[in-house]
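Let me begin by presenting the structure, written as structure tokens, before commenting on it.
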Amino acid sequence: MAKTIVVRQTGSPIRRPAVQRRTLIGLGLGKMHKTRELEDTPSVRGMIAKIPHLVEIVEERG
């Protein structure tokens, strides 16, 4: 079983650069307090590292 992480959006994309908004959409987020379970890959970790002020890692599984 692959490792997964649960990510929650904690910040609003309003008045943020377009690159940050596209990163949120790439993670499958877009509305406040929405959570997603994603594979724990270097690309996903990199996307999260680009917007740490908008998302938080809730749980790591696997």
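The values are calculated or read from the model by the stated rules, or taken from the named source; none is laboratory data. Small disclaimer: the values here were computed from a predicted structure and weren't measured. Ideal geometry is used to build each Cβ from the backbone, glycine not excepted, and the neighbour counts take in all protein chains shown. Accessible surface areas use protein heavy atoms only, side chains included; no ligands, DNA or RNA. Shrake-Rupley method; radii C 1.70, N 1.55, O 1.52, S 1.80 Å.
Looking across segment 6-33, the residues that are exposed (fewer than 14 other Cβ atoms within 10 Å of the Cβ), assigned to a loop (DSSP other than H, G, I, E, B) and of a type in the set (Lys, Arg) come down to 15, 31.
With respect to the conditions (1) surrounded by 12 or more Cβ atoms within 10 Å (Cβ to Cβ); (2) of a type outside the set (Val, Ile, Thr); (3) touching a residue at least 24 places away in the same chain (Cβ under 8 Å), residue 61 lacks only one, and its number is (1).
Per the conditions (1) open to solvent by less than 70 Å² (accessible area, probe 1.4 Å); (2) in contact with an Asp or Glu (Cβ under 6 Å, 6 or more places away or on another chain), the sole criterion not satisfied by residue 3 is (1).
Taking first residues from segment 35-56 that are under 10 Å from residue 6 (Cα atoms) and partners that are open to solvent by 70 Å² or more (accessible area, probe 1.4 Å), the Cβ contacts under 6 Å between residues at least 6 apart in sequence or on separate chains come to 35/8; 40/3; 56/8. Scanning segment 34-49 for residues that are surrounded by 14 or more Cβ atoms within 10 Å (Cβ to Cβ) and either acidic (Asp, Glu) or more than 16 Å from residue 8 (Cβ to Cβ) (or both) gives a single hit, 40.
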